[in-house]
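Encoded as structure tokens, the structure appears first; notes follow it.
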Amino acid sequence: MPTLLADAGTGSGDPDLGLLKAVNGLAADAPGWLDSLVAWTAEYGILLGLAVVGLVAWLSARRRPDAPVAVAGVLWAPLAVAIAELANLPISKLVDRPRPFVSHPELDVLVPGKEDTLSFVSDHSSMSMAIAVALFLVNRRLGLVAGALALLQGFCRLFVGVHYPTDVIGGYALATAVVLLLAPIAMAVLVPLCHALSRTALRPLVVARGAGAASGGRRSAASAARRPGRRRGQDEPRPGRDRESDLAA
């Protein structure tokens, strides 16, 4: 009994298969060392790079005036990855799409051991995009860097021949939906948690040393600037009163 996408990509005119073969065909013309590098990048390299970006985002968030809120946003990234992966379990079973090289043995497969796993959606693409979107909500520059890595991840999954383009797009869509739709609920829990941690011995995990005092000083200065000023000359001593004060002394 055919499933939603199990038999997709079998036709010679299918753009999904055509794009996969075009990208995967680059592996046949590339030197062996480049194929090995892309294979390692597709499996581990991109995810390690995103972990470094996430670490930088956390260190930066700890130094912001709204550190507990920013750190909560960074913390949402790995949690969103976990939720997206859990959501993919029933989706993958429902679609039941085999890896592209199962139906198309002519593909150049650079990552072995995937024969018994399903293709839709791409876990690596989903994880990468979940981190990118979550970090973009906190830090746009780092989010864009993570987004570029997520796009590279999708390209690499095609290059090594283990996913169709629609597997990658499906992973991106699933991750984006999870991050954006569940972010309000997640932040409603994570922000109070981070505020609570900032008042415990774990405060350095949420607020960098000196950041709280600096932000407090800025808030005090801002409050002073917003405080209604006295009428001109109100703080200046009046000559008559000064003379009376001097005489009393």
What would the Debye equation give as log₁₀ I(q)/I(0) for the range 39-93 at q = 0.27 Å⁻¹, counting only Cα atoms as equal point scatterers?
-1.00
Go through 151-160, 116-125, 172-181 and give me the packing order, highest mean Cβ count within 10 Å leading.
151-160, 116-125, 172-181
Take the alpha carbon gyration tensor of the range 122-198, find the square roots of its eigenvalues, order them as a ≥ b ≥ c, and report rounded if a/c is under 1.5; if not, report prolate when a/b exceeds b/c, else oblate.
prolate
Spin-label pair LEU19/ALA51, simplified geometry with 7 Å Cα→Cβ offset, distance in nm:
3.0
With r as the distance between the Cβ atoms of LEU202 and LEU137 and R0 = 22 Å, compute the FRET efficiency 1/(1 + (r/R0)^6) and round to 0.05.
0.40
Fully extended contour minus Cα-Cα distance, from TRP40 to ALA188, at 0.36 nm per residue
49.5 nm
Loop-located trypsin sites (Lys or Arg not before Pro) in the range 44-130 whose Cβ has at most 15 other Cβ within 10 Å (DSSP):
ARG63
Which length gain, in nm to one decimal place, applies between ILE91 and ASP29 when the Cα-Cα distance is subtracted from 0.36 nm times their residue separation?
18.8 nm
Span per principal axis, largest first, for the Cα atoms of the range 17-206 (Å):
59, 36, 24
Determine, at each q value in 0.10, 0.12, 0.20 (inverse angstroms), the log₁₀ of I(q)/I(0) that the Debye formula gives when each Cα of the range 66-179 is one equal point scatterer.
-0.31, -0.43, -0.98
Peptides 131-138, 25-32: what's the order by average Cβ count within 10 Å, highest mean first?
131-138, 25-32
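No lab work stands behind these numbers, since they all come straight from the coordinates. As the structure is a prediction and not an experimental result, all values here were calculated from the model. Note that each Cβ is placed from the backbone with ideal geometry, even for glycine, and that neighbours are counted across all protein chains shown.
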